[in-house]
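Read through the structure below, which is laid out as structure tokens, and then see the notes.
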2 protein chains.
Amino acid sequence: MIRLEARPYREKRLSELKADVVKCTSALGRKPKLRVVMVGDHTASAIYVANKEKMAAEIGMDAATVKFPETAAPEEVARAVAELNADPSVDGILIQRPLPKSFKEEDVLLWVHPSKDVDAFHPETVGRMSLGLPGFLPCTPAGCLKLVDFYGYDLAGKIACVIGRSSIVGKPLAQLLLQRDATVLHCHSRTKDLASITRQADFLFVAIGKPEFVRAEHVKPGAVVIDVGIGKNAANKTVGDVAYDDAAKVAGAITPVPGGIGPMTILGLLENTLAGANAKIKP
Amino acid sequence: MIRLEARPYREKRLSELKADVVKCTSALGRKPKLRVVMVGDHTASAIYVANKEKMAAEIGMDAATVKFPETAAPEEVARAVAELNADPSVDGILIQRPLPKSFKEEDVLLWVHPSKDVDAFHPETVGRMSLGLPGFLPCTPAGCLKLVDFYGYDLAGKIACVIGRSSIVGKPLAQLLLQRDATVLHCHSRTKDLASITRQADFLFVAIGKPEFVRAEHVKPGAVVIDVGIGKNAANKTVGDVAYDDAAKVAGAITPVPGGIGPMTILGLLENTLAGANAKIKP
């Protein structure tokens with residue numbers, strides 16, 4: 001049983017990114033620039049945002065957070081995002097979720113211009129990915145595939161099962177797997193006899209937000225299991241959607257939680273921001 | 001074995017649409033307006049376009065085709081589409097494919113504004129559908145679901161298999177099936193042991209462009225088979241992707257070709273155009 005840790009990929013990739021940021025900075029005469037927009041004081045969000053800023057700074061990017069009070073009007077935040085859209089020195093914009101209830105997600109999705117949409121949430125960005133057109137890829141699903149690639153697995157012609165159908169992970173992941181020539185089985189809360197489907201999968205991707213839900217019975221012997229979940233179990237331990245020790249009895253490989261897919265997401269954000277900056281370099 | 005013909009749905013729906021067009025025309029003070037843009041003299045296209053115009057006119061819409069010679073520059077056609085975008089009396093715009101080789105599909109996809117994108121080809125429209133946001137639905141995949149609904153089938157919790165992954169049918173169809181709470185198995189040319197997957201499906205959707213490819217061996221006993229293909233077999237007979245007589249030995253129901261999904265597509269176009277017009281009625 002192979003433990004698919006992000007660490008070796010992350011170290012390799014961060015040093016590559018650092019070198020690429022130096023090149024980009026030299027070509028543009030400025031650092032790649034990421035702006036995170038945050039509304040309110042959500043504790044977990046503040047930690048995520050600080051992490052994003054810190055990692056971006058570590059590889060030489062100009063990253064900062066534009067903060068608004070919990071009481072900010074959506075129009076005020078929208079105006080600030082429009083200014084960032086219009087600012088040619090800004091390469092990537094990310095609106096940290098969750099937002100206060102006065103913000104309608106359906107509207108907010110349209111605020112960040114697709115050319116700076118490093119979170120890949122805008123419908124046009126989503127459609128571009130679905131159609132296989134150039135554009136930013138969503139960080140977590142793309143991160144799953146990068147880790148699979150890094151460990152040398154080939155998805156083409158294989159059966160890949162996705163459990164979960166969120167707009168952020170399950171749905172785009174299924175679409176990216178299809179582009180990799182996998183046969184895709186897409187399961188969710190309404191799937192009957194889940195194990196009978198998931199046990200067919202050479203690659204099992206789990207993104208349901210239910211701590212330790214997937215067990216040995218769901219896994220085909222030798223399968224590669226990618227755990228996108230992160231939560232707490234009854235013993236208050238940080239775990240994924242996969243009961244690691246139980247699934248490990250049959251799986252060929254599993255991503256641990258923490259230390260598996262989690263770190264891939266922030267890497268994707270940095271890669272997207274760099275790509276946004278690189279797109280501005282005149283040939 | 002039930003033959004899932006479009007005719008009864010089509011007749012019912014056309015008379016409903018006629019009534020709705022009267023209401024819309026009265027509210028707007030003008031008819032719902034569809035403009036088809038066609039470049040060159042592709043024979044099949046000319047027939048399709050004439051059909052679209054004819055059916056739109058039959059239900060009281062203002063439909064016409066803007067024709068360009070085969071030699072027209074993409075920029076010239078793009079300008080004409082931009083004018084249609086800007087014209088508030090135009091509710092739906094459709095660019096007929098195929099286009100001459102000088103037209104880059106990646107560019108053309110962006111020409112029709114999402115608010116008039118009745119073919120649902122623009123990446124933003126594609127993303128909206130994927131995210132479940134309001135917007136035009138692609139005519140053929142949505143037509144498949146409408147026919148399934150019309151015949152009283154419920155997809156929720158069932159296993160639906162899609163064979164084919166085109167951007168026009170297979171991919172959006174899989175996404176719409178997911179929204180209907182089906183467990184989705186998505187197969188294509190790279191799928192190994194295809195029948196072992198397709199035989200699990202309560203609903204089998206076939207859109208691969210291979211005449212009479214799907215046979216009894218691919219079908220679960222009693223399954224509902226939706227045939228999106230249209231082509232000619234060795235005997236030069238118009239057939240679908242399903243070998244109807246053979247599949248009928250095990251299927252519970254099959255859409256015939258012609259007379260099944262084909263007529264649903266043009267209905268979808270009319271529905272989208274009407275929806276585009278209705279969106280302009282002041283409350």
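Below is a table of values for the structure above.
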quantity: Beta bridges by DSSP in the range B:28-114, antiparallel share as percent, to the nearest 5; calculated: 0 percent
quantity: Where Rh is the Kirkwood radius over Cα pairs, Rg/Rh for the range A:104-214; calculated: 0.99
quantity: Cα pair distances in the range B:130-187, grouped into 5 Å bins until the bin that holds the longest one, percent each; calculated: 4, 20, 30, 30, 14, 2
quantity: Scattering curve values for the range A:29-113, log₁₀ I(q)/I(0), Debye with Cα scatterers, q = 0.21 Å⁻¹; calculated: -1.00
quantity: Dipole magnitude of the range B:28-114, debye to nearest 20 (Cβ charges: Lys/Arg +1, Asp/Glu -1, about Cα centre); calculated: 240 debye
quantity: Overall Cα dimensions of the range B:103-160 - principal axes, largest extent first, Å; calculated: 41, 20, 20
quantity: Label geometry 7 Å along the beta-carbon vector: B:Gly252 inter-copy distances in nm; calculated: 3.6
quantity: Per-selection Kirkwood Rh - the range A:19-67 (Cα, Å, 1 d.p.); calculated: 11.5 Å
quantity: Bins of 5 Å, starting at 0 and running to the largest distance - Cα pair percent for the range A:1-143; calculated: 2, 9, 16, 20, 21, 17, 10, 5, 1, 0, 0
quantity: Cα lying deepest toward the dipole's positive end in the range A:29-113, options A:Leu110, A:Met38, A:Ser89, charges on Cβ; calculated: A:Ser89
quantity: Most mobile of A:Ala156, A:Ala253, A:Ala182 in a GNM of chain A (Cα contacts under 10 Å); calculated: A:Ala156
quantity: Shortest-first distances to equivalent copies, position B:Arg7, nm, label 7 Å out along Cβ; calculated: 7.0
quantity: The protein assembly as shown, dipole about Cα centre (Lys/Arg Cβ +1, Asp/Glu Cβ -1), debye to the nearest 20; calculated: 400 debye
quantity: Contact order normalised by residue count of chain B, Cα under 8 Å, 6+ apart, percent; calculated: 20 percent
quantity: DSSP-defined beta bridges in the protein assembly as shown - what % are antiparallel, rounded to 5; calculated: 10 percent
quantity: Mean projected area (nm²) of the alpha-carbon convex hull when the range A:229-283 is viewed from all directions; calculated: 5.4 nm²
quantity: Value in Å of the Kirkwood radius, where chain A supplies the Cα pairs that are averaged; calculated: 19.7 Å
quantity: Largest-first principal axis extents, alpha carbons of the protein assembly as shown, Å; calculated: 64, 52, 45
quantity: Other-copy label distances relative to A:Lys54, 7 angstrom Cα-Cβ extension, nm; calculated: 6.9
quantity: Computed over the range A:76-124, Cα set: Rg, Dmax in Å; calculated: 10.3, 31
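Each value in this text was obtained by applying a stated rule to the coordinates, not by laboratory testing. Here the structure is a predicted model, which is why all the values come from computation and not from measurement. Using ideal geometry, Cβ is built from the backbone for each residue, glycine included, and neighbour counts are taken over all protein chains shown.
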